[in-house]
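Take a look at the structure set out below.
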Amino acid sequence: MTINDSLGHHLGDELLTQVGAILRHEIRAEDIAARFGGDEFVIVLGDLGRDRNDASTHAELIAEKLQLACGEPLMLDGQPLQITISIGITLFPDDGSSVEELIKRADIAMYKAKEAGRNRVCFFSPELQEIAETRLTIQRELRSALEQDQFRLHVQPKVDQNGHWIGGEVLMRWQHPQRGLLLPSSFIPAAEGSGLIDDIDQWVISHTIERLAKAQEKLSQPFFNLSVNITADLLLNPHLHDDFRHWCMEHAISPEQIELEITERVLLDDHAQAADIIEDMPRLGVRFSIDDFGTGYSSLRYLQRLPLNTLKIDKSFIDRLPAHAGDARIVTTIIDMSRHLAMDVVAEGVETEQQAAFLKEQGCKQFQGYLYARPMPWDEFFSTLQEHRAQPLS
Ligand code: C2E
Ligand code: CA
Ligand code: CA
């Protein structure tokens, strides 16, 4: 799809024809190569050896040969083009009897190969099948979860140096009808692989704005800000800008009250497009923060160029403070850097007084972690908020 978008359909077709010719050339006359749809091909190799071992060794060798052949730059419209291929292998007759079953298994193995990074070869196994099936079940259930209103918003307070609540991070939960309250780690990965994450994140933001408007009516002082996690899918959604403005206007929420948390990966994978969006959105007033900072590959150029407001230091750097000299240096550096870049910095996952004391000494002013409060249901957060805020001077 990316090829069609960037080079046009005509060259996309030409590319498929060239790849088809390479595959055909690399296999024997009695083998079958066919395009299966989109950019997927199926190859059937008969008679690969006496036993399963023999057959799998041969199949793997042929897969490597195909990768090597496709690894040479192709000439497209006079320009060299480098492609990568991901290969999934299943053996027959052992792995299944029907053609549909074999194709399904090869497909599962191919997705695994893609996931492992491009240009990989992966064999089907029953464990892979189990993972793929669990994922499909979660995806099916997630669809009805949206329709049946099974998602819940929890909020974890962000605190200042005195432990007063100054904001919160919205964290979603899934009230599963059989399995109880589920944490995001058990369903976000499946949602990400299916395009559903976009709908889920939209649900989270729109509900956050709507409920914030209601909660605010009951507060004696106006409320600061709430941050919401979003994945690349939603950030790159062309409707986000208009939808966000619409939600804020509909509920009379000022966009500065919402901070969107993205991870460094977003800037790595789709950097140019993501950067354009991040440059544009703050005109609306919305704030951006980089989540899990330090675990990815942030480009200093982006930190300098993009209108980012906050860095959130990942919990893995906080855990071993203050004793671990390496982590202590990294944390100190991030705090200093954010000061130079005029960005806010939040330490995440603070669990002990010692960690908090070290962070304060280094100049960190915002904290989040079990030491202060765990994430709690939305209503509980807003009903206890007043007693945890700094009291206005009378
Ligand atoms: P995150 O954005 O890094 O969120 C912080 C996670 O650390 C939360 O886990 C929080 O409960 C946990 N945490 C906070 N303080 C402490 C601490 O002191 N100790 C320990 N051990 N853990 C702490 P949670 O709620 O399970 O969320 C996990 C991840 O799921 C989040 O990581 C975020 O990436 C993702 N997520 C949560 N809600 C959403 C959402 O609405 N949309 C999207 N796309 N992702 C979400
Ligand atoms: Ca976050
Ligand atoms: Ca984080």
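Go through I131, I138 for me and flag whichever is open to solvent by less than 40 Å² (accessible area, probe 1.4 Å), out of contact with any Lys or Arg (no Cβ under 7 Å at 6 or more places or on another chain), closer than 30 Å to L171 by Cα and in a helix (DSSP H, G or I).
Only one candidate qualifies: I138.
Among the residues of segment 330-361, how many are under 12 Å from F317 (Cβ atoms) and either away from ligand 3 (no atom under 15 Å from the Cβ) or assigned to a loop (DSSP other than H, G, I, E, B) (or both)?
Summing the residues that are under 12 Å from F317 (Cβ atoms) and either away from ligand 3 (no atom under 15 Å from the Cβ) or assigned to a loop (DSSP other than H, G, I, E, B) (or both) in segment 330-361 gives 10.
Among the residues of segment 68-88, which ones are without any contact (Cβ under 8 Å) to a residue 24 or more places away in the chain and open to solvent by 70 Å² or more (accessible area, probe 1.4 Å)? First the steps, then the outcome.
The initial filter retains those residues of segment 68-88 that are without any contact (Cβ under 8 Å) to a residue 24 or more places away in the chain, namely 68, 72-73, 75, 78-80, 82.
L68, E72, P73, M75, Q79, P80, Q82, listed by residue number.
Output the number of residues of segment 250-283 satisfying the condition of being hydrophobic (A, V, I, L, M, F, W, C) and either open to solvent by 30 Å² or more (accessible area, probe 1.4 Å) or at pLDDT below 80 (or both).
Of the residues in segment 250-283, 5 are hydrophobic (A, V, I, L, M, F, W, C) and either open to solvent by 30 Å² or more (accessible area, probe 1.4 Å) or at pLDDT below 80 (or both).
So which pairs qualify, if the first residue must be in segment 301-314 and open to solvent by 40 Å² or more (accessible area, probe 1.4 Å), the second must be assigned to a loop (DSSP other than H, G, I, E, B) and within 14 Å of ligand 2 (Cβ to nearest atom), the Cβ gap must be under 9 Å, and the two must be at least 6 apart or on different chains?
none
Exactly one condition in (1) more than 15 Å from I253 (Cβ to Cβ); (2) within 16 Å of ligand 3 (Cβ to nearest atom); (3) part of a strand (DSSP E or B); (4) of a type outside the set (K, R) is false for P189; which is it?
Unmet for P189, out of (1) more than 15 Å from I253 (Cβ to Cβ); (2) within 16 Å of ligand 3 (Cβ to nearest atom); (3) part of a strand (DSSP E or B); (4) of a type outside the set (K, R): (3).
Residues in segment 71-85: is at least one assigned to a loop (DSSP other than H, G, I, E, B), within 33 Å of the chain's Cα centre (by Cα) and within 19 Å of S125 (Cβ to Cβ)?
No, the conditions are met nowhere in segment 71-85.
Listed here are the residues, each with its yes/no results for (1) more than 20 Å from V99 (Cβ to Cβ); (2) more than 31 Å from the chain's Cα centre (by Cα); (3) open to solvent by 40 Å² or more (accessible area, probe 1.4 Å).
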residue	(1), (2), (3)
G8	yes, no, no
E14	yes, yes, yes
I22	yes, yes, no
A33	no, yes, no
G46	no, yes, no
H58	yes, yes, yes
K65	yes, yes, yes
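If you scan segment 213-249, which residues turn out to be within 16 Å of ligand 3 (Cβ to nearest atom) and in contact with a Ser or Thr (Cβ under 7 Å, 6 or more places away or on another chain)?
L226, S227, V228
The values are calculated or read from the model by the stated rules, or taken from the named source; none is laboratory data. Not measured: the values here are computed from a predicted model. Cβ atoms come from the backbone with ideal geometry, glycine included; neighbour counts cover every protein chain shown. Side chains are part of the model used for accessible areas, which takes the heavy atoms of the whole protein and leaves out ligands, DNA and RNA. Shrake-Rupley method; radii C 1.70, N 1.55, O 1.52, S 1.80 Å.
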